[in-house]
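Okay, structure first, notes after.
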Amino acid sequence: MINNPDTGAIKLNQAPGVVNYHFETFNLLAITDGNVEYDSSCFAPDIHQTKLKQIRENHHILSPHFMLTHNILVIISADRIVMIDAGNGHKARPGAGKLVSNLHAAGIKPDDLTDIVLSHAHPDHFNGLMSDSGQLVFPNAKIHMHQKEFDFWQDDDADFSKSKNSRASLQSLQQEVKFFFSQISGKLQLFHTDEPLFDFLQPILTPGHTPGHCMFTITSGNEKFVHMADIFHDEIVLFAKPEWGTIFDIDFDLAVRTRQRILEKFALSKQRVFGYHLPWPGFGYIEKHNEGFTWVTE
Ligand SMILES: [Zn+2]
């Protein structure tokens, strides 16, 4: 039982699609928004598809499609309920859009949320914030995002020249992002620095995937882990071949360098980490081997 001054006592339930973790100073839930299939052409855009197929077959994955998870964290502290990213919402493709029903199953109502932190402004992270009638799904929550992310998408001269995606796709994406920003303008709070947002949550600007993409250090007493957001979109290819990248990266080469830096750093420190698109429920470690890096699911 958690005593929350704003929302009253919240009784957390065990449910499929929800994993409860107890920390010294808060409870944490991993909640799935479900899985979405992506075409393999979204990955390793400059690499021959047979090489991509081979590396996946070496790990016993025979499907030509990538199945992306959407792992959402909810932190329940004494005075706040903070959610990191918001899933695919009503625009979800089959298999996703399960966040709200899983929150209910866990014992949390959308009204209970006080804060939502967006790692970056891609639709698989923000579409869950708006209903199909254009209402806020979490009406009491402030929405936090890095200033650099906001500025990039708002800019009519946004630089898409460093992405491997088509210009038409990126321009249509930008229109979608701008419309979303207009819908949440009354709730949006932009952060600028690496100062903590809350005493347990500190953003780390990690540009490349998008210009204002952030990871988050989450701390409770002597425990901590790092939410890596979208540094990785699968658990095999981008660990073995971080330089192969994805078409989702706005600055492809910078995303590669950021990914390589994170791999080296967290393999060395053996840091417990979490990924939005890594195997459910998202926690694990990075290991370095002679032939490259591997993801180790916790
Ligand atoms: Zn994503």
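Here are some notes:
- Close amide H partners of Phe225, meaning residues 5 or more places away or on another chain with modelled amide H under 5 Å apart, are Ile218.
- Qualifying GluC sites (Glu not before Pro) for region 20-123 [loop in DSSP, other Cβ within 10 Å: at most 15]: Glu24
- Length gained when the stretch Lys224-Asp132 is fully extended (0.36 nm per residue, less Cα-Cα span): 29.4 nm
- Each residue of region 77-91 is assigned a 3J(HN,Hα), and the resulting list reads 9, 4, 10, 8, 10, 10, 10, 9, 6, 9, x, 8, x, 6, 8 Hz, derived from the Karplus form 6.51 cos²θ - 1.76 cosθ + 1.60 (θ = phi - 60°), x at Gly and Pro.
- Cα gyration tensor category, rounded, prolate or oblate, for region 98-138 with a/c compared to 1.5: prolate
- Beta bridges per DSSP with both ends in the chain, % antiparallel, nearest 5: 80 percent
- Gyration tensor analysis over the Cα atoms of the chain returns equivalent ellipsoid semi-axes of 29, 23, 19 Å (largest first, whole Å).
- Rounded to whole Hz, the Karplus (6.51, -1.76, 1.60) HN-Hα couplings of region 120-137, x for glycine and proline: 5, 9, 10, x, 6, 10, 10, 4, x, 7, 10, 7, 5, 9, x, 8, 5, 6
- Label point 7 Å beyond Cα of Ser166 along Cβ direction - residues of region 74-114 with amide nitrogen under 19 Å: none
- The spacing between region 201-253 and region 43-98, judged by their C-alpha centroids, is 13 Å.
- The modelled label-to-label distance between His22 and Asn290, using points 7 Å beyond Cα along the C-beta direction, is 4.5 nm.
- With the convex hull drawn over the C-alpha atoms of region 206-260, the volume per residue is 80 Å³.
- Region 99-254, relative contact order in percent, only Cα pairs under 8 angstrom and at least six apart counted: 22 percent
- Under the Karplus curve 6.51 cos²θ - 1.76 cosθ + 1.60, θ = phi - 60°, whole-Hz ³J(HN,Hα) for region 255-271, x wherever Gly or Pro sits: 4, 4, 5, 4, 4, 5, 5, 5, 4, 4, 5, 7, 5, 5, 7, 6, 5
- Relative to the 2.2 N^0.38 Å rule of thumb, region 1-145 has a C-alpha radius of gyration ratio of 1.21.
- Exposed trypsin sites (Lys or Arg not before Pro) absent - longest run of the chain, DSSP non-H/G/I/E/B, at most 12 other C-beta within 10 Å: 12-269
Every read-out reported here was derived from the displayed coordinates using simple, explicitly stated rules and does not represent laboratory data. Treat the numbers as computed from the prediction; the structure is a model and nothing was measured. Quick reminder, even Gly has a Cβ in these numbers, built from the backbone with ideal geometry, and neighbours come from all protein chains shown.
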